[in-house]
1. Would you please name the residue that is nearest to residue 135 (Cα to Cα), looking only at residues in region 72-92 that are crowded, with 19+ Cβ neighbours inside 10 Å and out of contact with any helix residue (DSSP H, G or I) (no Cβ under 8 Å at 6 or more places or on another chain)?
2. Is it the case that region 270-289 has a residue that's surrounded by fewer than 21 Cβ atoms within 10 Å (Cβ to Cβ), part of a helix (DSSP H, G or I), touching a Gly at 6+ places or on another chain (Cβ under 9 Å) and free of Cβ contacts under 8 Å to residues at least 60 places away in the same chain?
3. Is region 190-201 home to any residue that is among the polar types (S, T, N, Q) and touching a Cys at 6+ places or on another chain (Cβ under 8 Å)?
4. Say whether the condition of being touching a residue at least 12 places away in the same chain (Cβ under 8 Å), among the acidic types (Asp, Glu) and part of a helix (DSSP H, G or I) is met by at least one residue in region 297-304.
5. Confirm whether residue 153 is touching a Phe, Trp or Tyr at 6+ places or on another chain (Cβ under 9 Å) and assigned by TED's automatic domain parsing to the domain that holds residue 127.
6. When the residues of region 125-181 are narrowed to those that are among the β-branched types (Val, Ile, Thr) and in a loop (DSSP other than H, G, I, E, B), which ends up nearest to residue 254 (Cα to Cα)?
7. Looking only at region 309-320, which residues are crowded, with 19+ Cβ neighbours inside 10 Å and either at pLDDT below 95 or not in a loop (DSSP other than H, G, I, E, B) (or both)?
Amino acid sequence: MSKSFHVFHSPLEIAGQMGMLVGGLRKYGHMAVGYNMFINYLRYSNHIINTYLDNIKESYELIKAGYPIMHFHFGTTLDRNLYDLPTYAAEGKKMVMHHWGNDVRIAGLAKTFSPYLTDPCNPWSDAEMVQRLQYMSAYIPTAIIQDHELMPYVKPYYKHVFVLPLAFPVQTTVPVYPLRSNSVPMIVHAPTQPSFKGTAIIEAALQSLWSQGYSFTYYKIENMSHDQALQLYHQADIVIDQILVGTYGLFSVEAMALGKPVVCHIRDDLRSTYPGDLPIVSANPANLQEALVPLITDAAKREKLGKRGRKYAEEVHDISKVIPKLVDIYKVVENS
């Protein structure tokens, strides 16, 4: 029988991923809990406890006794200044830090790697980010990132860096492929951070296409719960994620799981690092209109890309594919 891990996840839920991982670990026989201190309008709640820092601290003695592995998210621990790390190390805790993007995407480096990205939406200055990475990695030897886009930002600091694809319940998600009979496709964009996703540029491109006579509708999804947004994703014929940073996020994964064609900026140097044949249509500010026209005008192409995306999501992002990789990472963490 394989080993059962006991893992404590905290303190920030990012795009529903903490809940996905906690739920997946439980499904496969591991003991996992997730505490989220960042409660916003998206209202992620699956398999996690939305609470406040003081409540977690009050429960720490129970956490300490029951969970030898601490899986932190977004470059943060139970102390915003990271001053708790020496205590966990002294207690023999095994720790892993899961970085998600804005917590490590140093603006000075991002200008080189992602030149379209002018606003990284970082919570700290570059100097603070470097200091935090240096301090965290002194106590936490292992980091997780979602793909190779973040590798240059974290590789200089951690002993081990693992790539773990975004997790989504693809198998239990019923695809709704674009209809070939629809001559006026619906384009959907969900800008949680408009300046980061390039929303103004996207909407200017769509306005230009309208003025050129192309027929489509557009829906911008914002300020609604994730469950409400999912209902609108079902109706989409084309999904635009982001056009600046050069990689794809959970919105793309959800769209592929639903069988929708996805438009998103994928950096040329990163495409070969993704497993399999990534079916996302890459577009940046310079060629967005050119990339959209074939999708707007060709319903068969939309359906074909939707089916390819669904297959890719099944093979790469389904929870059943991600959790075994996470368990393998915990084996390294346990022995670090």
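The values are calculated or read from the model by the stated rules, or taken from the named source; none is laboratory data. Everything numeric in this text was worked out from a predicted model, so none of it was measured. Every residue, glycine as well, gets a Cβ built from its backbone with ideal geometry; the counts of neighbours run over all protein chains shown.
1. It comes out as 76.
2. No, every residue in region 270-289 fails to be surrounded by fewer than 21 Cβ atoms within 10 Å (Cβ to Cβ), part of a helix (DSSP H, G or I), touching a Gly at 6+ places or on another chain (Cβ under 9 Å) and free of Cβ contacts under 8 Å to residues at least 60 places away in the same chain.
3. Within region 190-201, the subset among the polar types (S, T, N, Q) is 192-193, 195, 199.
If we keep only those that are touching a Cys at 6+ places or on another chain (Cβ under 8 Å) too, we end up with 193, 195.
Yes; the residues of region 190-201 include at least one that is among the polar types (S, T, N, Q) and touching a Cys at 6+ places or on another chain (Cβ under 8 Å).
4. Scanning region 297-304 turns up at least one residue that is touching a residue at least 12 places away in the same chain (Cβ under 8 Å), among the acidic types (Asp, Glu) and part of a helix (DSSP H, G or I).
5. Judged against the criteria, residue 153 is a match.
6. Checking each candidate, the answer is 173.
7. Passing the criteria: 309, 310, 312, 313, 316, 318, 319.
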